[in-house]
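K.L.:
Structure provided below as structure tokens; questions to follow.
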Amino acid sequence: MVQQIIIAPHSGFCEGVKSAVNRALHVAANKKNGRVILEGELVHNRDVNEWLYARGIALLQRDLDIQKEDTIIIRAHGISPQRRFYLEHFGCEIVDCTCPFVRHIAKIIEAHSTKPIILLGDRNHVEVEGLCGYSKHICVCENLAECSRLIDAVQQSSRSDECDHRSINFSKIDDGILVCQSTLDVDFLKAVHNLCDKKNFPIKFFDTICGATRRRQLGLRTLENCDAVIVVGGKHSANTKRLYEKMKQKIVAVFWIENNENLAEIDLNPYKKIGIAAGTSTPQSVLQNIYGEISKK
Ligand code: SF4
């Protein structure tokens, strides 16, 4: 029987998500003609997106359906400059809800676009895909093994093809920079830093992990003595995935759910002390529903 429930500090919506959702709602409420269309899921949370669709905001299905009187909303994760340029050709209004932290990373990449750039993050995540549009010289590394292989390849003056789909010449790496996806694991960044030191690899580090991600990862420490932890967030949410993976390193019983409907799939009977952590795109209402349901067990 559940005796204690602890919610990790800072769980739930971050400022970037809050601002994107409020802006989208404001645009929808004031739209007179045409549709309000999301270029992609505004945030990676099904409940939030469905809530927006119920308020008349649509998800873009086909570019060719865009009309001049429509308003296109760019998601919090941002898009590539090439994609934005393409959308501008439709002549419709574009409202950019890209989080300022993601914009900051794009600016750093843009300012160093002719130099070799290592981007730490998930290759197939929309934020990383968008950032890759700011330079032709980016190599994405998803884990320590890839970073290590890249460094070895550069130090042996070979090409770095094996690390990414692009063929990038890192022969002048002294000039290079390293940036990270806003929602990266802080421990992964530290490990890469140590690896570069150990291999005597000169590269300028830009720690671009956003404060919201950092605080939520730090907040997990309060759950380390729990018998089981429930991580709440969308299945495509990079920061939720990070919370789940980090908790898995400490506790055996960790469950990743999207909302209280998924609670039925989990047997919490063997656990007395339950921890809850939520990603930055999980609304407080979802968190409270889950807390309420677990309290009844
Ligand atoms: S997690 Fe960070 S980068 Fe992403 S929307 Fe929130 S504040 Fe912005």
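The values are calculated or read from the model by the stated rules, or taken from the named source; none is laboratory data. Fair warning: this is a prediction, and the values are worked out from it, not measured in the lab. Because the Cβ atoms are built from the backbone with ideal geometry, glycine has one as well, and the counts that use them run over all protein chains shown.
One line per residue, one yes/no per condition, for (1) free of Cβ contacts under 8 Å to residues at least 40 places away in the same chain; (2) among the aliphatic types (A, V, I, L, M); (3) not assigned by TED's automatic domain parsing to the domain that holds Ile177:
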| site | (1), (2), (3) |
| --- | --- |
| Leu64 | yes, yes, yes |
| His77 | no, no, yes |
| Gln82 | no, no, yes |
| Phe85 | yes, no, yes |
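K.L.:
Quick check on my filter: what residues within the range 111-132 are touching a Gly at 6+ places or on another chain (Cβ under 9 Å) and of a type in the set (A, V, I, L, M, F, W, C)?
P.N.:
If we filter the range 111-132 for residues that are touching a Gly at 6+ places or on another chain (Cβ under 9 Å), which is where we start, we get 112, 115-118, 126-128, 130-131.
Selection gives Ile117, Ile118, Val126, Val128, Leu131.
K.L.:
If you go through the range 1-38 one residue at a time, how many are in contact (Cβ under 8 Å) with a residue 60 or more places away in the chain and either in a helix (DSSP H, G or I) or of a type in the set (Phe, Trp, Tyr) (or both)? Steps first, answer last, please.
P.N.:
At the first step, the residues of the range 1-38 found to be in contact (Cβ under 8 Å) with a residue 60 or more places away in the chain are 1-17, 19-20, 23-24, 27.
Cutting the leftovers down to either in a helix (DSSP H, G or I) or of a type in the set (Phe, Trp, Tyr) (or both) gives us 13, 15-17, 19-20, 23-24, 27.
Total meeting the criteria: 9.
K.L.:
Working only within the range 210-244, note down all residues that are within 13 Å of the ligand (Cβ to nearest atom), outside any loop (DSSP other than H, G, I, E, B) and among the hydrophobic types (A, V, I, L, M, F, W, C).
P.N.:
Of everything in the range 210-244, those that are within 13 Å of the ligand (Cβ to nearest atom), outside any loop (DSSP other than H, G, I, E, B) and among the hydrophobic types (A, V, I, L, M, F, W, C) turn out to be Ala212, Ala238, Leu243.
K.L.:
Hey, another quick one. Examine the range 89-98 for a residue that is within 13 Å of the ligand (Cβ to nearest atom) and assigned to a helix (DSSP H, G or I), and state whether such a residue exists.
P.N.:
No.
K.L.:
With the requirement that a residue be more than 18 Å from Leu52 (Cα to Cα), within 13 Å of the ligand (Cβ to nearest atom) and out of contact with any Leu (no Cβ under 7 Å at 6 or more places or on another chain), what does the range 1-33 give you?
P.N.:
Within the range 1-33, His10 is the sole residue that qualifies.
K.L.:
For the range 197-209, give me each residue that is out of contact with any Phe, Trp or Tyr (no Cβ under 8 Å at 6 or more places or on another chain) and either within 24 Å of Phe13 (Cβ to Cβ) or in a helix (DSSP H, G or I) (or both). Lay out the reasoning, then the answer.
P.N.:
Step one: filter the range 197-209 for residues out of contact with any Phe, Trp or Tyr (no Cβ under 8 Å at 6 or more places or on another chain), giving 197-207, 209.
Passing the criteria: Asp197, Lys198, Asp207, Ile209.
K.L.:
Specify which of the listed residues (Phe101, Phe85) is of a type in the set (Phe, Trp, Tyr), modelled with pLDDT of 95 or more, in a helix (DSSP H, G or I) and under 20 Å from the mean Cα position of the chain (by Cα).
P.N.:
Values: Phe85 fails: under 20 Å from the mean Cα position of the chain (by Cα).
It is Phe101.
K.L.:
Take the range 128-173 and flag every residue that is loosely packed, with under 14 Cβ neighbours inside 10 Å, modelled with pLDDT of 90 or more and not in a loop (DSSP other than H, G, I, E, B).
P.N.:
Ala145
K.L.:
Being assigned to a strand (DSSP E or B) and surrounded by 18 or more Cβ atoms within 10 Å (Cβ to Cβ) is the filter here; which residues of the range 44-82 pass it? Talk me through it step by step, then tell me what you get.
P.N.:
Of all residues in the range 44-82, those assigned to a strand (DSSP E or B) come to 57-59, 71-74.
Listed by number, the residues that qualify are Ile57, Thr71, Ile72, Ile73, Ile74.
K.L.:
Here's something else I'd like to know. Which of the residues belonging to the range 104-127 are within 16 Å of the ligand (Cβ to nearest atom) and in a helix (DSSP H, G or I)?
P.N.:
Going through the range 104-127, the residues within 16 Å of the ligand (Cβ to nearest atom) turn out to be 104-109, 119-122, 125-127.
The answer is His104, Ile105, Ala106, Lys107, Ile108, Ile109, Val126, Glu127.
K.L.:
Checking Glu41 against (1) within 21 Å of His77 (Cα to Cα); (2) assigned to a strand (DSSP E or B): exactly one of these is not met. Which one?
P.N.:
(2)
K.L.:
Have a look at Ile66, Ile7, Ile72 and point out the one that is of a type outside the set (Asp, Glu) and within 26 Å of Ala212 (Cα to Cα).
P.N.:
Ile7
K.L.:
Something else: Could we say that Leu120 is farther than 20 Å from Phe201 by Cβ and modelled with pLDDT of 90 or more here?
P.N.:
Working: farther than 20 Å from Phe201 by Cβ: no; modelled with pLDDT of 90 or more: yes.
It is false that Leu120 is farther than 20 Å from Phe201 by Cβ and modelled with pLDDT of 90 or more.
K.L.:
Mind listing just one residue for me: the one in the range 245-254 that is without any contact (Cβ under 8 Å) to a residue 40 or more places away in the chain and either of a type in the set (Ser, Thr, Tyr) or in a helix (DSSP H, G or I) (or both) and, of those, farthest from the ligand (Cβ to nearest atom)?
P.N.:
Among them, the one singled out is Lys248.
K.L.:
Next question. Scanning for something closer than 24 Å to Arg103 by Cβ and among the hydroxyl-bearing types (Ser, Thr, Tyr), does the range 63-72 turn up at least one residue?
P.N.:
Looking through the range 63-72, at least one residue is closer than 24 Å to Arg103 by Cβ and among the hydroxyl-bearing types (Ser, Thr, Tyr).
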